[in-house]
Amino acid sequence: MEIVRSERKPVAIAAPSLSLYRSAPHLEVRLEDFELYAIDRLRVLKGISDGLSRGKKPDEMEKLVKELWRTNMRHRDPDEVLNKDIISHFVLRLVYCRTEELRKWFLSMETTLFRYRFRLESTESQRRLMTEFQLPYKALSHAEFETVKDKLGQVARSIGQPPNADTVFFKVPFEEVAELVASRRVYILKGYAYVPMNQVVSLVVTQFRCKISKALVLTNRKWTSTIRDQEKDRLTPIVEALSNSYLGPDYSESKIVAEISLKDIDQLANKSFPLCMHHLFEKLREDHHLKHGGRMQLGLFLKGVGLKLDDALAFWKAEFSKKVGAERFDKEYAYSIRHNYGKEGKRTDYTPYSCQKIISSTPSVGDHHGCPYRHFSEENLRAALGKMGVGGRSLDDVMDKVRNRHYQLACTLTFEAIHASSCDTGINHPNHYFSESQKILQPKIQPMT
């Protein structure tokens, strides 16, 4: 796929509405579309990941995928929807080919996306796709069907899906539909499974997963050997940033709609700070100092929740002065606080760290920043959550998500346990946690009569 800064409109591709993404399209793609298309698809994949982590049922996942696709993968030009689909897949293939962990996540999410998109196709479209994908399966002949139709009927009735006279069956090696075999949804004879058309998605998904898995490995080799260095000025920064992209609201100072005062900060920390910020706040009060990583993570968070510059300087000085003295604070630390608020240096309005950035950080010994759900030992995490009031079944649920490396979902479950309220959107930013908490805890303003 050639990426250029051209304004030329991409040429339409003759391709099915649902693709196996076997080869990159020969298209000219504007650099801004390269990134925007990838971000839109990433919203879909991360929405799927959250749905799976929350244990949504297949029918719920089907509705979720349909809505995520409709919301994020539209295009102002209907003829370009297919191009956006294919381009975005290959961009994210570049993004997620670079490590085994990234490949595993991308493969799982793309396979799930494909599974539900295929299920939403009509039976006729599904059969046409199987032909176009050149899948090595043939429909059962009438003669062979007659020899096993009674057994097929028994299996179908046992799962509540009795076949009609027009049901088409495929004969495939049983190991290629392991999930159907495990759930006893197919008839097996002499090493072959007889798969009805309404369950043929398992056949297609198996092939799809295999092809994408191999393609990711090959893409990684090409990325490492040639593309990364050739495109180090244009594509490499975009590709390397996308896997850690934060896709939610902007919490920079210019977006703040409320302010917090110093007199309320302790109360807010106890009730509305997420665990990562609650821990940093406690350590600051305890040690009267934080290393650079902790100061940046907590300081930008406080800026994002509405602590104004003058109050921030007063807050940090009151703590640090107890350990390093007021004069040293003014010389060594005040500048960086003003810098974070855009009042020094390039005067950039720095944005509070997202969950993804915090999770991907690597705190050293003596550091207190990072994500507790990822960086704490199990014992320390249990103790910290207990202090916040999380216990019993809720604590077990949180720890289960941590063991499966669903750190943001663990934080969401913590929020729900503390506030006794659901958070369907999930937590993806510490400042989002704070704002959602305040919506629940702040009494509604009564209208004047």
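Just one of the numbered conditions (1) outside any helix (DSSP H, G or I); (2) modelled with pLDDT of 90 or more; (3) under 29 Å from residue 338 (Cα atoms) is not true of residue 349; which one?
All conditions are met except number (2).
Within region 209-237, restricting attention to residues that are aliphatic (A, V, I, L, M) and modelled with pLDDT under 80, which residue is surrounded by the fewest Cβ atoms within 10 Å (Cβ to Cβ)?
Within region 209-237, the first condition is being aliphatic (A, V, I, L, M), and the residues that meet it are 212, 215-218, 227, 235.
Subset that is modelled with pLDDT under 80: 227, 235.
Working: 227: 15, 235: 19.
Checking each candidate, the answer is 227.
Take the conditions within 27 Å of residue 420 (Cα to Cα) and out of contact with any Cys (no Cβ under 7 Å at 6 or more places or on another chain) and apply them to residue 393. Does it pass? Break it down into steps so the answer makes sense when it comes.
On the way: within 27 Å of residue 420 (Cα to Cα): yes; out of contact with any Cys (no Cβ under 7 Å at 6 or more places or on another chain): yes.
The answer is yes for residue 393.
Quick one: count up the residues across region 87-107 that are under 14 Å from the mean Cα position of the chain (by Cα) and free of Cβ contacts under 8 Å to residues at least 40 places away in the same chain.
Keep residues of region 87-107 that are under 14 Å from the mean Cα position of the chain (by Cα), which gives 92, 95-96, 101-107.
Remaining after also requiring free of Cβ contacts under 8 Å to residues at least 40 places away in the same chain: 101, 104.
Residues flagged as under 14 Å from the mean Cα position of the chain (by Cα) and free of Cβ contacts under 8 Å to residues at least 40 places away in the same chain within region 87-107 amount to 2.
In region 391-431, which residues are touching a residue at least 60 places away in the same chain (Cβ under 8 Å) and among the β-branched types (Val, Ile, Thr)?
Passing the criteria: 414, 427.
Residue check, residue 173 against (1) under 22 Å from residue 21 (Cβ atoms); (2) modelled with pLDDT of 85 or more; (3) exposed (fewer than 15 other Cβ atoms within 10 Å of the Cβ), all met but one. Which one?
Of everything listed in (1) under 22 Å from residue 21 (Cβ atoms); (2) modelled with pLDDT of 85 or more; (3) exposed (fewer than 15 other Cβ atoms within 10 Å of the Cβ), residue 173 misses just condition (1).
All but one of (1) in contact (Cβ under 8 Å) with a residue 40 or more places away in the chain; (2) among the hydrophobic types (A, V, I, L, M, F, W, C); (3) under 14 Å from residue 87 (Cβ atoms) hold for residue 36; state the number of the condition that does not hold.
Result: residue 36 passes all but (1).
Taking the residues in region 333-370 that are of a type in the set (Val, Ile, Thr) and under 21 Å from residue 283 (Cα atoms) as candidates, determine which candidate is surrounded by the most Cβ atoms within 10 Å (Cβ to Cβ). I'd like the intermediate steps shown before the answer.
Step one: list which residues in region 333-370 are of a type in the set (Val, Ile, Thr), which gives 337, 348, 351, 358-359, 362, 365.
Subset that is under 21 Å from residue 283 (Cα atoms): 337, 358-359, 362, 365.
Numbers: 337: 20, 358: 27, 359: 19, 362: 9, 365: 4.
It comes out as 358.
So which residues in region 182-205 are part of a helix (DSSP H, G or I) and modelled with pLDDT under 85, if there are any at all?
First pass over region 182-205, keeping only residues part of a helix (DSSP H, G or I): 182, 197-199, 201-205.
Residues satisfying the conditions are 197, 198, 199, 201, 202, 203, 204.
Just need a number here: residues in region 1-36 that are more than 30 Å from residue 135 (Cα to Cα) and either at pLDDT 50 or above or surrounded by fewer than 16 Cβ atoms within 10 Å (Cβ to Cβ) (or both).
Within region 1-36, residues that are more than 30 Å from residue 135 (Cα to Cα) and either at pLDDT 50 or above or surrounded by fewer than 16 Cβ atoms within 10 Å (Cβ to Cβ) (or both) number 15.
Output the residues belonging to region 388-425 that are aliphatic (A, V, I, L, M) and over 27 Å from residue 101 (Cβ atoms). Even if it seems obvious, please write down each step before you answer.
Within region 388-425, the subset aliphatic (A, V, I, L, M) is 388, 390, 395, 398-399, 402, 409-410, 413, 417-418, 420.
Correct list: 388, 390, 417, 418, 420.
The values are calculated or read from the model by the stated rules, or taken from the named source; none is laboratory data. What you see is a predicted model, and the numbers here were worked out from it, not measured in a lab. Every residue, glycine among them, receives a Cβ derived from its backbone with ideal geometry; neighbour counts consider all protein chains shown.
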